[in-house]
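Contents: one structure, followed by commentary.
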Amino acid sequence: MKLESAMSTVMDVRSAYIRTRWAFVDGAGMVPLLSSLGATDEDFERLKLVSDQLESDPTLPFRRSRNGRFCLDPKTRRGYRLEPQPFVLSREEDFVRHDSETLRRFVEVQDDLQHNTALQALLVFQFLVVNDVDIARRPRLDYDRAEWICTLFNLRTVTTPGLLGEPALEGVHSDGVDHTMTTFLGSRNMTGDSAATFLHDMAEVNGNRWNEADPALVRGRVQHRDFLDTLLLVDHEYKHSVSPVHQIDDAEPALRDMLIFFTRKPAEQGHVSFRYDSVAPHRTLPLSFDIPAAVPAIALVN
Ligand code: FE
């Protein structure tokens, strides 16, 4: 796919996103798109294996994780790695769990992931879809700032006979951001009915289990099945929930590997993340990459 035709596909996704406030692109569609944005075949293969390097999660026993923060700046058309900060989500942001309001420190994403051209293409892809889209605004985020702060999570959910892996233990929730993107990397020994994602009307009650939610308030259902299947949603316009990961064979753990992109405007004073929202570059894991400017001006009109 040429860059021009990739950009026109990105703009189609963007139009769908503006219209319905969420979009799902299957892996078969993502591969040529990301290739046109610079992803190499070798890096697609490396991306499938990167989750083998994850570490224990700070608060969830069935999860392995890493995170890293990135700034995407429309003015300079550059993305860069940000210095690490503790991570926190609050009840006020529609995230109700035992570790709401708790400062969490994740093991950091390393060069194997951040220098992966497919990962960088995913960051650019989300930016091109969401930048300048008019959305329901969250309190105490600074919408006058041009730049986006993206907290990337690489997560592996693990189910064993003694421990059920829950991609969203918190039940119905939001991620406290403006735009959420979730990309499937792979699974092992996972049943076909595992890990369905439900989109709920904002009227749904936080914390309800995925199967307790009011069917009349379900606005969408998707399932990530293939490498690079990707969901994008306006995080303050839909809540979401995810069903658990189940094993096919009890003798082996079931694994599900994902990339999650939490993208929002910088926080203002009074926001739970205000003190943990530095835009200083990372000193020991530097990264900087271009954001192609090949977006036709007309496509930016909502
Ligand atoms: Fe979520």
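The values are calculated or read from the model by the stated rules, or taken from the named source; none is laboratory data. These figures come from a predicted structure and were not determined experimentally. FYI the Cβ positions are ideal-geometry reconstructions off the backbone, even for glycines, and counts take in every protein chain you see. Accessible surface is based on the protein model in full, side chains and every heavy atom, while ligands, DNA and RNA are left aside. Shrake-Rupley method; radii C 1.70, N 1.55, O 1.52, S 1.80 Å.
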Using a Förster distance of 51 angstrom, determine the FRET efficiency expected from the C-beta separation of R188 and R140, and round it to 0.05. 0.80
Solvent-accessible area per residue for the chain (1.4 angstrom probe, square angstrom): 42
Expressed in angstrom and rounded, the centroid-to-centroid distance over alpha carbons for region 241-286 and region 59-115 is 5
Stretchable slack from S56 to D290, in nm (0.36 nm times residue separation minus alpha-carbon distance): 81.0 nm
At a Förster distance of 41 Å, what's the computed FRET efficiency of K75 paired with H98, Cβ-Cβ distance as r, to 0.05? 0.55
Accessible surface of region 3-299 [probe 1.4 Å, protein heavy atoms]: carbon and sulfur percent: 51
Cα-based Lys proximity count in the chain, under 30 Å, for pairs eight or more positions apart or on separate chains: 6
Using a Förster distance of 35 Å, the FRET efficiency for D249-N211 (Cβ separation, nearest 0.05): 0.90
Once fully extended, how much extra length lies between M202 and E83, figured as 0.36 nm per residue of separation less the alpha-carbon to alpha-carbon distance? 39.5 nm
Using bins 10 angstrom wide from zero, how does P(r) for the chain break down, in % of all Cα pairs? 6, 29, 39, 23, 4, 0
Scanning the chain for helices, which whole DSSP H stretches are 15 Å or more long along the axis (Cα) and average 1.6 or more by Kyte-Doolittle? 117-130
Distance between modelled label sites at D226 and V133, nm, 7 Å Cα→Cβ extension: 2.2
Putting +1 on Lys and Arg Cβ atoms and -1 on Asp and Glu Cβ atoms, find which of P139, T157, A251 reaches farthest to the positive end of the dipole of the chain. P139
